[in-house]
Amino acid sequence: MHIHIQEFADSPYLKLTAAEFHEAAALAGGIGEGHTLTVGESEAEFAAAAPGIEALIATPAAIRRLDLSIAPKLRLIQSTSAGVDPLAPFDMIPDGVMLLNNRGVHADRAGEFAIMAMLMLATHMPAFATDQRAHRWQRRSSGTVAGMRATIVGVGGLGGGAARRARQFGIHVTGVRNGAAPHPDCDATRPVGDLDLILPHTDFLLLTCPLTAATRNLLDARRLALLPPHAGVINMGRGALVDQPALCAALRDGTIAGAVLDVFTTEPVPPDDPVWDTPNLVMTPHISSDDPARYNAATLASFFAALRALAAGRVPATLVDFARGY
């Protein structure tokens, strides 16, 4: 198979190298053997390789910049991101081409970030950061998190990793998902339709679901008002899952206690965006789930697992359903 890795030279994302590919191919056994590899950092390099490309590995941002119609043999695209919403409605992907994401790659790192964020909210760290900027000394007491309640919307790789860590700290976890099938790392699972009933009993609300038409502005002003005043919000999914101005207003008004946001409506966040100066809010620049020491290797392992599934006549576990958007 002719496999092409494409990442533009100006990309801010972690680049996947030929050396990493060959190392992963060696670890994959027989399914990793006999491939032709090309790597491109420009549209011209993609165009030069395009006539023979059968599988493409790239970020959604890179895929968006490519003319895939010039690769007539293309049958498989491996996204190096779990979220593929930048590609929706997927009309740039030629008919018959499968799109894979790398869900599951982020679970360990996401779990550690999520429990860090929960502990920060439980110990009032966003409020202390606001006090520090204001040169204000104000004691705030806190206890342990055991027995507190986390609601995790989306229990795939990100949310599942977060649930696993939270339960290690004695936090009761309710997973919210499409349907109510049990999840091994959740104490309970509920369908999305029950979210309004769960929010009033939530200490930590964690958003880790994909961004689709159904989840855009999932956390709006109305749902923010359902949270208790001591609750904290964590967003590790996509910025547009949240009505960002409504969240900032709730933090300013004190109707919720704090928030940790890793994703935003516009990224990078513009310097004049009010979110920068919102009280009781900790911001990180979309880094919650990426482990630079393991990310590329895990993505390539997922890719070769998909090739193995296809060779055996099975559907890869990471195949994106265009209708659902993930």
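Derivation of every value follows stated rules applied to the coordinates shown; laboratory data play no part. If you're wondering where the values come from, they're calculated on a predicted model, not measured in any experiment. With ideal geometry, Cβ positions are generated from the backbone for all residues, glycine too; neighbour counts draw on all protein chains shown.
In nm, to one decimal, how far is the modelled label at Ala19 from the one at Ile287, with both set 7 Å along Cα→Cβ?
The two pseudo-label positions are separated by 2.3 nm.
Rounded if a/c is under 1.5, else prolate if a/b beats b/c, else oblate: with a ≥ b ≥ c from the C-alpha gyration tensor eigenvalues square-rooted, which is the chain? The partial results should precede the final answer.
Details: a/c = 2.14, a/b = 1.84, b/c = 1.16.
Prolate is the answer for the chain, as a/c is 1.5 or above and a/b outweighs b/c.
Of the listed peptides 180-191, 153-164, 113-124, 223-234, what is their order by residue-averaged count of other C-beta atoms within 10 Å, with the highest listed first? Each step should come with its number before you reach the end.
Numbers: 180-191: 15.4, 153-164: 25.7, 113-124: 21.9, 223-234: 19.2.
Ranked from most to least packed, the peptides come out as 153-164, 113-124, 223-234, 180-191.
Using packing as a proxy for protection, rank 56-62, 42-48 so that the peptide with the highest average count of other Cβ atoms within 10 Å comes first. Can you show the working numbers first?
Working: 56-62: 22.1, 42-48: 14.7.
Put in order of decreasing packing, that is 56-62, 42-48.
Take peptides 273-282, 170-179, 22-31 and line them up by average Cβ neighbours within 10 Å, highest first, as a rough protection proxy. Before the final figure, lay out each step's value.
On the way: 273-282: 17.3, 170-179: 19.1, 22-31: 14.4.
Going from most to least packed, we get 170-179, 273-282, 22-31.
May I ask for the angle, rounded to the nearest 10°, between helix 18-27 and the longest principal axis of the chain, with both axes built from Cα atoms and the value confined to 0 to 90°?
Its long axis makes an angle of about 90 degrees.
When the chain is modelled as a GNM with alpha-carbon springs shorter than 10 Å, which of Pro126, Pro210, Pro72 fluctuates the most?
Of Pro126, Pro210, Pro72, the most mobile in the Gaussian network model is Pro72.
Could you compute the FRET efficiency for Arg140 and Ala317, with r as their C-beta to C-beta distance and R0 at 45 Å, rounded to 0.05?
Values: r = 44 Å, r/R0 = 0.98.
So, using R0 = 45 Å, E works out to roughly 0.55.
Full extension from Asp196 to Glu54: what is 0.36 nm times the residue separation minus their Cα-Cα distance, to one decimal in nm? Could the numbers behind the result be given before it?
Details: separation 142, 0.36 × 142 = 51.12 nm, distance 4.57 nm.
Fully extending the segment from Asp196 to Glu54 adds 46.5 nm.
Go through Gln138, Thr38, Ala58 and say which Cα lies farthest out towards the positive end of the charge dipole of the chain; charges sit on Cβ, +1 for Lys and Arg, -1 for Asp and Glu.
Projecting each Cα onto the dipole axis, the largest value belongs to Gln138.
Treating only the Cβ atoms of Lys and Arg (+1) and Asp and Glu (-1) as charged, compute the dipole magnitude of the stretch 144-223 about its Cα centre; round to the nearest 20 debye. The partial results should precede the final answer.
Working: 9 positive and 6 negative charges, 24 e Å.
It works out to roughly 120 debye.
So how far apart, in nm, are the two label points at Val97 and Gln168 if each is 7 Å from Cα heading toward Cβ?
So the label points at Val97 and Gln168 sit 4.0 nm apart.
What is the magnitude of the charge dipole of the chain about its Cα centre, with +1 placed on the Cβ of each Lys and Arg, -1 on the Cβ of each Asp and Glu, and no other charges, expressed in debye to the nearest 20? Walk me through the intermediate numbers first.
Details: 26 positive and 32 negative charges, 208 e Å.
Taking the Cα centre of the chain as origin, the dipole is about 1000 debye.
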